[in-house]
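Structure, as C-alpha cells:
The values are calculated or read from the model by the stated rules, or taken from the named source; none is laboratory data. Source: prediction; values computed, not measured. In this analysis, Cβ positions are derived from the backbone assuming ideal geometry, glycine residues included, and neighbour counts consider all displayed protein chains. Only protein heavy atoms, including side chains, enter the accessible area calculation; ligands, DNA and RNA are left aside. Shrake-Rupley method; radii C 1.70, N 1.55, O 1.52, S 1.80 Å.
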Amino acid sequence: MLPSAGVYYFPWEINSSLPEGEALRTFGRLSHYNLARSEAVLTAQHSSAQYQVCVDTKFVEPFQAQLGSCYMVLGEAEHRGGKCEGPVIKARILTCVEGMNVPLLEQAIQEQRKYFNERQE
C-alpha cells in the first residue's frame, strides 16, 4: 500500500499538536543549512510574524542548498524537542521552487481544503 500523499500545511500551522509520523507538505525560504548535521530551516512570513520549520535532510542529501530560495518539502513529522519549537520534518523530497507565486499557492491550498471539506459533507 502506498503512503498518503501528504496534507498541505502552512508553515504557521506546523506545531506540536501534529501527530508523529504524519505525512505533510509545506514550503518556505531556506534560511539555514548545516550539511554536517543534516539540518535545514525554512522560514515564512505570515501577517507580522516570522515562522520557522526545521527539516531533517539526511534522506535528500546531497542537494544544492541555495540560501534565500523558496523550497517545498514533503516528509513526515517527528517530535524531537531541542531548539525547534514544533516537530522536525523528515524530508523525503526537498525541491527548490524559486520563482513560485507564493500567494497563488496559498490560495490553491485554501481551495483544495474547501473542496475536500465539501466532499466529506
Checklist outcome for this item: Within the chain, cysteines having no neighbouring cysteine beta carbon under 4.7 Å are Cys70, Cys96
Checklist entry - Which label marks the calculated value of Rg/Rh (Cα atoms, Kirkwood Rh), given the options (i) 0.99; (ii) 0.96; (iii) 1.93? => result (ii)
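With the full set of protein chains in place, find how many percent of the accessible area of the chain is carbon and sulfur; take the probe as 1.4 Å.
Values: 3850 of 7530 Å².
That share works out to 51 percent.
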Checklist entry - Just Gln107, Gln45, Gln66 to compare: in a GNM of the chain, with alpha carbon springs under 10 Å, which one fluctuates most? => result Gln107
Checklist entry - Mind checking which of Asn15, Asn101, Asn34 has the largest fluctuation in a GNM of the chain, springs on alpha carbons under 10 Å? => result Asn101
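Which order do Lys90, Lys58 take when ranked by solvent-accessible area (1.4 Å probe, heavy atoms of all protein chains), largest first? Display every interim value, and only then the final one.
On the way: Lys90 45, Lys58 115 Å².
Ranking Lys90, Lys58 by accessible area, largest first, yields Lys58, Lys90.
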Checklist entry - What percent do you get for the relative contact order of region 7-120 when only Cα pairs under 8 Å and 6+ apart count? => result 26 percent
Checklist entry - Pulled fully out, how much extra length does the chain show between His46 and Glu98, if you take 0.36 nm times their separation in residues and subtract their Cα-Cα distance? => result 16.9 nm
Next on the checklist: Per residue, how much accessible surface does region 7-120 expose to a 1.4 Å probe? Answer in Å², no decimals.
Outcome noted: 59 Å²
Checklist outcome for this item: If one compares the long axis through the Cα atoms of helix 102-120 with the longest principal axis of the Cα atoms of the chain, the angle in degrees, nearest 10, works out at 50 degrees
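Under a Cβ-only charge scheme (Lys and Arg +1, Asp and Glu -1), can you give me the dipole magnitude of region 4-121 about the Cα centre, in debye to the nearest 20?
Values: 11 positive and 14 negative charges, 44 e Å.
Using only the charged Cβ atoms, the result is roughly 220 debye.
Could you sort Ser31, Ser17 by their accessible area in this structure, using a 1.4 Å probe and putting the largest first?
Numbers: Ser31 60, Ser17 95 Å².
Ranking Ser31, Ser17 by accessible area, largest first, yields Ser17, Ser31.
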Checklist outcome for this item: Listed residues Val88, Val53, Val97; largest mean-square fluctuation, Gaussian network over the chain with Cα springs below 10 Å, found at Val97
